[in-house]
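Take a look at the structure below.
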2 protein chains.
Amino acid sequence: MKLAALLLFTSVLTTVLFAEQPRYMGDGQLQRPTGVREWIYLSSGMGMQYGNGAAGSEFTNVFAEPTAYREFVKTGKWPEGTMLAMEVRRGESKGSINKDGRFQTDLLALEVTVKDTKRFKADGWEYFAFGGKVQTAKGIGQQGGCNACHNKNAAVENTFGQFYPTILEIARAKGTVKKTAEE
Amino acid sequence: MKLAALLLFTSVLTTVLFAEQPRYMGDGQLQRPTGVREWIYLSSGMGMQYGNGAAGSEFTNVFAEPTAYREFVKTGKWPEGTMLAMEVRRGESKGSINKDGRFQTDLLALEVTVKDTKRFKADGWEYFAFGGKVQTAKGIGQQGGCNACHNKNAAVENTFGQFYPTILEIARAKGTVKKTAEE
């Protein structure tokens, strides 16, 4: 019992103290999140960015803020305040002993989505692109931009769970995959 | 001061309670680690596995056990007991709205390395391959196997830091990249 209480206490304390919440500027721009590389990894794609074409070699790494992820594991739903981030990294070949295939190098951009149904009334989610080392970014827009495609094609709420194998597995178990995505 | 003390207390408690240490069977086989997907992500490659050839499409995702990672961030060195794990996942194309590029699906294998200079006296590191859903694995061997190539070609101790951009950055800052790897 003592250990269980201690675990619970630590877990709550850790969640409260180390959660990274979205931080906005006075004009509503989102501040670039700082802890992404220690968030929970969802998956990577290669060459999936717009305009990459068949020869595209950029990697995209997707991460979830840990407190949002833990809630998703329990419920299959993303809680209010969820932040997901996608790194875009250069893919290179023929470095060191590598001959075939691709490995990751420079960070080119960081793209972030936030779920906040009060702040983003139309779609509930908003998207922000931090190119290079940019530290603040405007929302790309409600009822258009990223939301248009995410609304239509994402498998789990507004997120492309169909490309994140462990998220898809959880959402299937919880019954939160959109019917349109399972056809 | 109170907050700082609380943070320190929580940090130590979290480290002690949630660290995942290597667990061995009586015959020395390593048990498959269970928390890999919540470890710290290092990087992914595509088509870098042996024998993939130029058309290889398997992804490899590399993770570090969090307490080992935190020590690496401080020192640029992997502490005793470090576990790194590499997922091998199938890469697919033309699923959902995806036309070009590749995304990840099924887990094909999990490969783990452990640093333990007392247990693995010759090389200090040992490698274990958990194909499919295998739960225990024998060490692949000292003075040969994985160690032969890692000893010769890895940039940061026995790890291929040259393919993990954030690890390479830390190791460069701490001066722990092997000279042979920077030539």
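The values are calculated or read from the model by the stated rules, or taken from the named source; none is laboratory data. Being a predicted model, the structure only gives us computed values, none of them experimental. Positions of Cβ are generated from backbone atoms using ideal geometry, with glycine treated the same way; all protein chains shown enter the neighbour counts. The area values use the complete protein model at the heavy-atom level, side chains included, leaving out ligands, DNA and RNA. Shrake-Rupley method; radii C 1.70, N 1.55, O 1.52, S 1.80 Å.
Below are the figures for this structure:
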| quantity | calculated |
| --- | --- |
| Flag if A:ASP123 is of a type in the set (D, E, K, R) and more than 23 Å from B:ASP100 (Cβ to Cβ) | yes |
| Out of B:THR105, B:THR113, B:THR82, sole residue that is among the polar types (S, T, N, Q) and in contact with a Pro (Cβ under 7 Å, 6 or more places away or on another chain) | B:THR105 |
| Residue in region A:123-136 that is acidic (Asp, Glu), touching a Lys or Arg at 6+ places or on another chain (Cβ under 9 Å) and open to solvent by less than 40 Å² (accessible area, probe 1.4 Å) present | yes |
| Total residues in region B:70-87, condition crowded, with 18+ Cβ neighbours inside 10 Å and either aliphatic (A, V, I, L, M) or within 15 Å of B:VAL156 (Cα to Cα) (or both) | 9 |
| Matching strands (runs of 3 or more DSSP E) fully within region A:39-151 where at least 2 residues are facing chain B (nearest Cβ under 9 Å) | A:40-46, A:59-64, A:83-92, A:103-115 |
| Complete set of residues in region A:159-183 that are aromatic (Phe, Trp, Tyr) and in contact (Cβ under 8 Å) with a residue 24 or more places away in the chain | A:PHE163, A:TYR164 |
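Residues checked against (1) open to solvent by less than 20 Å² (accessible area, probe 1.4 Å); (2) modelled with pLDDT under 95:
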{"site": "A:LYS2", "(1), (2)": "no, yes"}
{"site": "A:LEU7", "(1), (2)": "no, yes"}
{"site": "A:SER11", "(1), (2)": "no, yes"}
{"site": "A:THR14", "(1), (2)": "no, yes"}
{"site": "A:MET25", "(1), (2)": "no, no"}
{"site": "A:PHE63", "(1), (2)": "yes, no"}
